[in-house]
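Okay, so here's the structure we're looking at.
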Amino acid sequence: MQALFLVLNKTGQLNQVLKSLYDCGVRGATIMNSTGMGRELSRHVPIFASLGYLIDEDRPYNYTIFAVMKDEKVPGVIDTLNALLGDLTRPGTGILFTVPVGTVVGLAPESPAAEAQARKGQEDNG
């Protein structure tokens with residue numbers, strides 16, 4: 001399992017991102033308002049005030065979206081998000097990364113068929 005994190009700078013595309021995740025089989029994600037380090041430094045640390053000209057004042061925050069998914073879903077999700085958002089390697093687009101997850105409790109099943117298959121696998125192993 002992997003936790004995929006996306007810091008979405010293009011906040012107007014949140015609903016499209018969530019729909020794309022759902023279409024890729026991701027059945028749950030958490031969305032948080034977030035602020036980048038450059039924005040905070042430019043506001044509160046005088047030596048970094050000159051960073052203010054680099055900051056888009058029309059976008060006071062980002063969204064950080066995270067979701068846990070099976071390893072095999074990650075490449076398709078990344079390809080889909082790159083197609084939707086544009087090349088994430090470009091500055092100002094966002095940041096995406098994954099982190100291995102050891103244990104997951106309470107993750108929604110992908111579909112009724114997947115849930116039935118998981119139960120059958122547990123019964124076969126139990």
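Remark: segment 66-72, residue by residue, has Karplus-estimated 3J(HN,Hα) of 9, 8, 9, 8, 5, 3, 5 Hz, where x stands for each Gly or Pro and the curve is 6.51 cos²θ - 1.76 cosθ + 1.60 at θ = phi - 60°. Per-residue Karplus couplings for segment 3-17, computed as 6.51 cos²θ - 1.76 cosθ + 1.60 with θ equal to phi - 60°, are listed in order as 9, 9, 10, 10, 8, 9, 7, 7, 4, x, 9, 4, 4, 5, 5 Hz, Gly and Pro entered as x. Amide hydrogen proximity for Asn62: with H placed 1.01 Å from N in the peptide plane, the residues at 5 or more positions away or on another chain lying under 5 Å are Ser34, Thr35, Gly36. Derived scalar couplings between HN and Hα for segment 84-100 equal 6, 8, x, 4, 5, 7, 6, x, x, 7, x, 9, 10, 8, 10, 9, x Hz in order, rounded to whole Hz, by the Karplus curve 6.51 cos²θ - 1.76 cosθ + 1.60 (θ = phi - 60°), x for Gly and Pro.
No value in this document is a laboratory result; all are computed from the given coordinates. Keep in mind that this is a model prediction, so the values were computed, not measured.
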